[in-house]
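Novice: This structure is in structure tokens; I'll ask about it shortly.
The values are calculated or read from the model by the stated rules, or taken from the named source; none is laboratory data. These figures come from a predicted structure and were not determined experimentally. Here the Cβ is made from the backbone with ideal geometry for all residues, glycine too, and neighbour counts use every protein chain on show.
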Amino acid sequence: MLEKDSLHGTALSEKPYTVLLGGSFLKNSSGSSLLFSDPVEWIELRSFRDMYSFFGELEERLARGFCLAGYIGYEAGYGFEPDSFNSFHIRNDDLPLAWFGVYDAPRLVNKEQTEHMLSGDCRHSEPVFDLAKEAYAEKIKLIKEHIGAGDVYQINFTGRYRFEFSGSTPGLLGYLSGRQPDVYSAFLNLGNHQILSLSPELFFRLEGSSIEARPMKGTSTRGKNEEEDRLRCDWLQSDEKNRAENLMIVDLLRNDLGRICKSGSVVAPELFVTETYPTLHQMVSSVRGELLDDCSLYDLFRAVFPCGSVTGAPKIRAMQLIQELERSPRGVYTGAVGYILPERSMCFNVAIRTLTLHGKEGEYGAGGGIVWDSKPDDEFAECRLKARILDPEHERNFGIFESILFNGSYVWLEEHLSRLEQSALWLGFSFDKNRSRQELERLAEKELVGKGRYKVRLELLKDGKIEISFDEITLRHARDPIRVCRSSAVIRSDNPLRGHKTTERILYDKLFRKAVAKGFDEVVFCNDRGEVTEGAISNIIIVKDGLYYTPRLSSGLLNGIYRQYFLATRHNVKETVLFMEDIEAADLFFICNSVRGLRQAVLCDDVL
């Protein structure tokens, strides 16, 4: 076991040519990782002409008992079929086409050590896509013209998000890993470049002569509650368009594996399985085969690389069009990251959800499969969806919480616990409802009964642990009315976490503190369509001509416990789309939550 100090994230980032592979790279890993460090040497591919000799060098190091860990960039795939491409996209940042470190045996580091290695503060700016919506639509139009002419069946078209970065690069991977658990995660420190991959897609795993690929094609957003989430998952699994795209790639991979596998051994035992991740559902299938006895590394990668899920079909023509249509080389993105052991066991991901850092600049690719009936707006939205893990609002390892009023007894306790239970199920958290209730009652008997009014915070962590804290509610002097300012920051209406009370509240907490410091009691937010959503700690209600109105959940807000009570007990209340002008023109304006109740407010002109 390594000493803990030697595993600190700073040391990892300062130690060039180190590779850390975690998550699904290890079967039943329980958070452990493989650490490849202190290489004997490293082998780079700089020219397409050297493709065959590059793989020959890798074979020679394996024969001497060394292990390999590294990547093959997407553009290296041109080198397997040089006669099919007139020219090649070359990056201008000195990133090799492919790179492998040559190591002695990797070291297994446990979950605690892995988390320690991936520690450190980091910051990044809002990612900016390199294609405006209109330019993206023009590219889709061109692709559909090629499809209509029978040139291709599908093109995987991608663009690049770019952002500025500072701080710990291992810390950034750790931060993002909290958003994307159970993936094929990788950190590669190449000195001038750092590669961070959080791919959910297995390219292939080879154990003995058995090879398995798990192509991923088909995407749906998460729902805002358990029922909507289940419906979207069911929709994805049965949607004919997504099934057709997935099957097209399955057939392509069956053909690729058929070139290097024993006759009749290639099968697809799983088709159209849906897998759920924090921000989306994905459709996955499985293709397996038995490798030919004399298959070399070069033969293997020439047959299958790049993965068909990131090219389209037919593969060579799709790659030719990608070269014409995309504005910049992909680099490691949509290539493959992984390891090879001396006995030829190996595992590689498809390097999607992958970042390349170079100095203070970061790059993240996103895209999707374009077919004849693809809609540009939907495909552009999918690019945004796949970049959501880079949202600066996201916290690492977030929790779910409830704020419960205790006033001699808990108010709406069962409603709070039920909402927490639903969110836990949706987000994949462990939750023992009875134990949480018992812990709350134990706290009340010991600390709260007969002593006043309290706000009790119950926080649930992903592993099922609960943390309980409480604060006494101080009665404020009556002041009429509550003062509410406006947020200049816009929230995303399509963020499914808005429907859950999570600790991912960086923006809300920041602006609420700023509002209080300026003498306000609350700050109200709008979404990307200009619709009023909620306050930082409250729901919104207005009165107009004797009727009550509150924003619809579809605008992107939490269904507060008091809001639910108000809707259930009032006959003259309606959910609707509200704008700031509606609050300004209202006869009365209220904010509400389950701890403070319903409070009359006034909307001020001040903007934070």
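Novice: Going through the range 536-546 one residue at a time, which ones are within 16 Å of Leu598 (Cβ to Cβ) and surrounded by fewer than 24 Cβ atoms within 10 Å (Cβ to Cβ)?
Specialist: We begin by selecting, within the range 536-546, every residue within 16 Å of Leu598 (Cβ to Cβ); these are 537-543.
Listed by number, the residues that qualify are Ile537, Ile542, Val543.
Novice: For the range 334-365, give me each residue that is under 16 Å from the mean Cα position of the chain (by Cα) and modelled with pLDDT under 95.
Specialist: Scanning the range 334-365 gives Ile352, Arg353.
Novice: Among the numbered criteria (1) in a loop (DSSP other than H, G, I, E, B); (2) at pLDDT 90 or above; (3) among the hydrophobic types (A, V, I, L, M, F, W, C), which one does Ile90 miss?
Specialist: (2)
Novice: While we're looking at this one, here's another question. Identify, please: which residue in the range 124-154 is under 17 Å from the mean Cα position of the chain (by Cα) and either in a strand (DSSP E or B) or within 26 Å of Asn242 (Cβ to Cβ) (or both) and is, among those, modelled with the lowest pLDDT?
Specialist: Start the filter on the range 124-154 by keeping residues that are under 17 Å from the mean Cα position of the chain (by Cα), which leaves 124-129.
From what is left, the residues that are either in a strand (DSSP E or B) or within 26 Å of Asn242 (Cβ to Cβ) (or both) are 124, 127-129.
Numbers: His124: 82, Pro127: 88, Val128: 89, Phe129: 92.
Applying the filter and picking the extreme gives His124.
Novice: Also, I was wondering about something else. List every residue pair whose Cβ atoms lie under 7 Å apart, where the two residues are 6 or more positions apart in sequence or sit on different chains, the first residue falls within the range 492-516 and is among the small types (Gly, Ala, Ser) and assigned to a loop (DSSP other than H, G, I, E, B), and the second residue, located anywhere, is surrounded by fewer than 17 Cβ atoms within 10 Å (Cβ to Cβ) and at pLDDT 80 or above.
Specialist: Going by the 7 Å Cβ cut-off, the qualifying pairs are Ser493/Asp528; Ser493/Arg529.
Novice: Among Val287, Val304, Val310, Val273, which is the only one that is within 23 Å of the chain's Cα centre (by Cα) and in contact (Cβ under 8 Å) with a residue 60 or more places away in the chain?
Specialist: Working: Val287 fails: within 23 Å of the chain's Cα centre (by Cα); Val304 fails: within 23 Å of the chain's Cα centre (by Cα); Val273 fails: in contact (Cβ under 8 Å) with a residue 60 or more places away in the chain.
Just one listed residue meets the conditions, Val310.
Novice: Filter the range 517-537 for residues that are part of a loop (DSSP other than H, G, I, E, B) and either acidic (Asp, Glu) or farther than 17 Å from Ile400 by Cα (or both) and give the result. Steps first, please.
Specialist: Initially, the range 517-537 is screened for residues part of a loop (DSSP other than H, G, I, E, B), giving 518-521, 528-531, 536-537.
Once the filter is applied, which keeps residues that are part of a loop (DSSP other than H, G, I, E, B) and either acidic (Asp, Glu) or farther than 17 Å from Ile400 by Cα (or both), the range 517-537 yields Lys518, Gly519, Phe520, Asp521, Asp528, Arg529, Gly530, Glu531.
Novice: Same structure again: Just give me the residues in the range 210-239 being basic (Lys, Arg) and over 18 Å from Arg498 (Cβ atoms), in sequence order.
Specialist: Of everything in the range 210-239, those that are basic (Lys, Arg) and over 18 Å from Arg498 (Cβ atoms) turn out to be Arg214, Lys217, Arg230.
Novice: What helices (runs of 4 or more DSSP H), lying completely within the range 155-260, carry at least 1 residues that are surrounded by 24 or more Cβ atoms within 10 Å (Cβ to Cβ)? Spell out how you get there, then give the answer.
Specialist: Numbers: elements: 169-177, 226-238, 240-258.
Those helices (runs of 4 or more DSSP H) span 169-177, 240-258.
Novice: I'm checking my understanding of the structure. Among residues of the range 227-258 that are of a type outside the set (A, V, I, L, M, F, W, C) and without any contact (Cβ under 8 Å) to a residue 12 or more places away in the chain, which one is nearest to Leu271 (Cα to Cα)?
Specialist: Looking only at the range 227-258, we keep the residues that are of a type outside the set (A, V, I, L, M, F, W, C), and these are 227-230, 232, 234, 237-243, 245-246, 251, 254-256, 258.
Next cut, without any contact (Cβ under 8 Å) to a residue 12 or more places away in the chain only: 227-228, 230, 234, 238, 240, 255.
Working: Glu227: 24, Glu228: 23, Arg230: 19, Asp234: 14, Ser238: 11, Glu240: 13, Asn255: 16 Å.
Among them, the one singled out is Ser238.
Novice: Next question, about the same structure. Looking at the range 453-462, is at least one residue acidic (Asp, Glu), part of a helix (DSSP H, G or I) and in contact (Cβ under 8 Å) with a residue 12 or more places away in the chain? It would help to see each step written out before you state the result.
Specialist: The first filter runs over the range 453-462 and keeps only residues acidic (Asp, Glu), leaving 459.
The next check asks that each one be part of a helix (DSSP H, G or I); those that pass are none.
Checked against the condition, which is being acidic (Asp, Glu), part of a helix (DSSP H, G or I) and in contact (Cβ under 8 Å) with a residue 12 or more places away in the chain, the range 453-462 yields no hits at all.
Novice: Taking Thr550 as the residue in question, decide whether it is out of contact with any helix residue (DSSP H, G or I) (no Cβ under 6 Å at 6 or more places or on another chain), buried (at least 16 other Cβ atoms within 10 Å of the Cβ) and of a type in the set (S, T, N, Q). Give the steps one after another, and end with the answer.
Specialist: Numbers: out of contact with any helix residue (DSSP H, G or I) (no Cβ under 6 Å at 6 or more places or on another chain): yes; buried (at least 16 other Cβ atoms within 10 Å of the Cβ): yes; of a type in the set (S, T, N, Q): yes.
It is true that Thr550 is out of contact with any helix residue (DSSP H, G or I) (no Cβ under 6 Å at 6 or more places or on another chain), buried (at least 16 other Cβ atoms within 10 Å of the Cβ) and of a type in the set (S, T, N, Q).
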